[in-house]
Every structure is written in structure tokens, then in C-alpha cells.
């Protein structure tokens with residue numbers, strides 16, 4: 001593995017508002033070359049942090065979206081047996097059918113290992129995977145190599161990626177897994193932090209409208225029975241919808257009317273409950 005040039009400290013990105021504690025844990029994880037595990041409810045910016053690190057440090061971003069049915073080998077590489085079979089049957093390919101290596105395709109972790117430059121590797125929603133996947137994956141990331149059994153070859157990482165792992169805390173992670181990561185819990189932004197986030201995305205938004213939107217947004221998050229509360233992404237999209245409506249007037253929010261509830265609530269049951277409770281709150 002190539003010796004690494006230490007990256008510059010991460011201080012945030014153009015569209016990512018960073019608090020001091022989070023900046024410290026990102027930088028110490030890079031210095032110690034340890035994966036950074038981020039927990040928090042959906043919409044707290046866990047995934048966007050990896051994008052921000054890649055943007056700030058000018059590194060390519062590789063994203064592994066974990067699925068419940070995923071096997072570790074799928075994240076490392078795939079052996080395309082079907083294409084090889086078809087090439088063998090029809091004989092119209094430029095590939096050498098006898099050379100299995102031509103039918104090996106790198107998975108997301110494999111891509112990070114063979115990259116010519118250092119990358120940011122985002123392993124998104126690790127809590128969807130089973131315990132064996134989690135622990136075996138960290139073995140690979142510790143060793144920075146894996147075996148391709150079909151060609152009896154060991155793939156060693158050219159560069160150690162900056163590793164960010166996210167969890168929505170829907171399922172407990174194993175103790176060995178937790179022990180091999182640095183950990184940070186990203187709390188849902190309070191009103192002051194959210195006002196800063198809005199300011200980054202909408203620098204020309206009036207203070208009165210920002211305050212009105214925030215008051216309505218946090219009130220909606222307190223509605224009873226909501227399965228998926230609106231998060232930062234929904235708030236920003238809602239503000240975009242309000243600004244795009246030529247007939248919208250900020251006084252509408254003061255009257256208790258909440259336009260475009262469907263931008264904030266994405267489940268039909270949540271939307272129905274929110275509409276009922278919003279009407280009662282007028």
C-alpha cells in the first residue's frame with residue numbers, strides 16, 4: 001500500500017454546516033486511520049458529511065449502499081459468470097474466455113482499494129446488514145486487502161481510504177464492530193443550528209420568513225403518531241416550494257395554514273395525520 005500524504009484538516013464544505021466537535025472527530029479519525037461511525041436519526045446529515053469530506057479534501061467519493069440481503073463478497077467484487085458463459089457459447093467477444101480475471105468486476109470496497117488516488121469510502125446504513133457482514137467487512141478494512149478466490153489473487157489497497165460508516169440505529173451493532181470504529185452521534189439540529197443551515201442554502205431569505213418556517217417545522221415534528229418526521233432535507237425542499245410559489249405570502253404561515261404538507265411528509269399515513277392535526281392547531 002502506498003504511503004499516504006496526510007490530508008489537510010477538514011473544516012467543512014460550502015453547503016455543510018459543521019460544529020466544532022464533529023470537525024474534531026472527523027480529523028482525529030483520519031489521523032488515526034480509523035473508520036468513523038456516525039449514528040443519528042434520518043436527516044441529520046450523516047450521509048452528506050461524507051460528501052462534504054470528499055468535496056473539501058478533493059477526493060473521489062465511493063458509496064456502498066448496504067442492503068439487508070447483501071453479502072460481503074458483493075461489496076468486494078463480482079465474478080460475472082453469465083457474461084463468460086455467453087462469450088463461450090457465442091464466441092463474438094474480444095475478451096479471452098480462458099482468462100477469468102477479465103470477468104471480475106470490483107464492488108464498491110474493491111473500487112476504493114484499486115483506485116489510483118485516495119478516496120472517501122461511504123458505507124451507508126450499515127445497520128441493515130447482519131452481524132457477520134459487519135465484522136467481516138471490518139476485518140477487510142483493517143487488513144486493507146481481500147482474496148479473489150476464483151483467480152487465487154490477493155487485492156491489496158493502493159491507498160487507505162477515508163472511511164465513513166453511517167447507521168440509523170434501527171439495529172444494534174456488534175461490540176467488536178463498535179470497538180474498531182471512532183463513534184459520533186449526530187443529534188437533530190436545534191433551531192440555532194437549523195437557522196445556520198438555512199442561511200447557507202438561502203442566504204437571501206428574510207429573517208421573518210426563516211423564523212416562521214422554523215416555528216412551523218418544529219411544531220410539525222411534534223405531531224403525535226408520525227412515523228417519519230420531516231428532517232433537514234424536507235425543510236429545505238419545503239422552503240424551495242414556498243419560494244417557487246408566486247402566490248405564497250408569509251402571513252399564510254402565521255395564520256396556521258401549512259401549504260405543501262406533501263413536501264414535508266412522505267408517507268400517506270403521516271400526511272393524513274399531519275393534515276388533521278394542522279387543522280386542529282389553527
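Can you give me the distance in nm between label points at residue 117 and residue 101, each placed 7 Å from the Cα along the Cα-to-Cβ direction?
2.6
What distance in nm lies between label points placed 7 Å from Cα along the C-beta direction at residue 85 and residue 156?
3.6
Expressed as an acute angle from 0 to 90° and rounded to the nearest 10, what is the orientation of the C-alpha long axis of helix 46-57 relative to the principal long axis of the chain?
Roughly 70 degrees between the two axes.
Which entry in [x] 133; [y] 111; [z] 181 matches volume of the Cα convex hull per residue in Å³ derived from the coordinates of this structure?
[z]
Using R₀ = 22 Å, calculate the FRET efficiency as 1/(1 + (r/R₀)^6) where r is the Cβ-Cβ separation of residue 14 and residue 241; round to 0.05.
0.45
Calculate the FRET efficiency for residue 191 and residue 131 from the Cβ-Cβ distance with a Förster distance of 45 Å, rounded to the nearest 0.05.
0.75
Angle check, please: helix 20-32 long axis (alpha carbons) against the longest principal axis of the chain (alpha carbons), in degrees 0 to 90, nearest 10.
Its long axis makes an angle of about 0 degrees.
State whether segment 20-185 is rounded, prolate or oblate according to the following rule on the C-alpha gyration tensor (a ≥ b ≥ c being the square roots of its eigenvalues): a/c under 1.5 gives rounded; otherwise a/b larger than b/c gives prolate, and the remaining case gives oblate.
prolate
What is the ratio of the Cα radius of gyration of segment 191-280 to 2.2 N^0.38 Å, with N the residue count, to two decimals?
Taking the Cα Rg and dividing by 2.2 N^0.38 Å, one obtains 1.03.
Ranked by Cβ crowding within 10 angstrom, fewest neighbours first, how are 90, 223, 217, 113 ordered?
In order of increasing Cβ crowding within 10 Å: 90, 223, 217, 113.
So how much slack lies between residue 202 and residue 171, counting 0.36 nm per residue of separation and subtracting their Cα-Cα distance, in nm?
Between residue 202 and residue 171, full extension yields 7.6 nm more.
In degrees from 0 to 90, rounded to the nearest 10, what is the angle of the helix 268-280 Cα long axis to the longest principal axis of the chain?
20
Name the shape class, rounded, prolate or oblate, that the alpha-carbon gyration tensor gives for segment 89-156, where a ≥ b ≥ c are the square roots of its eigenvalues, rounded holds for a/c under 1.5, and otherwise prolate holds if a/b is larger than b/c and oblate otherwise.
The shape class here is prolate.
Residue 71 to residue 94: FRET efficiency via 1/(1 + (r/R0)^6), r the Cβ-Cβ distance, R0 51 Å, to the nearest 0.05?
Calculated value: 0.95.
Within segment 218-256, which residues have the backbone N less than 11 Å from the label spot 7 Å out from residue 267 along Cα→beta-carbon, could you tell me?
Residues passing the 11 Å test: 225-230.
Every read-out reported here was derived from the displayed coordinates using simple, explicitly stated rules and does not represent laboratory data. None of these values were measured; they are calculated from a predicted model. In this analysis, Cβ positions are derived from the backbone assuming ideal geometry, glycine residues included, and neighbour counts consider all displayed protein chains.
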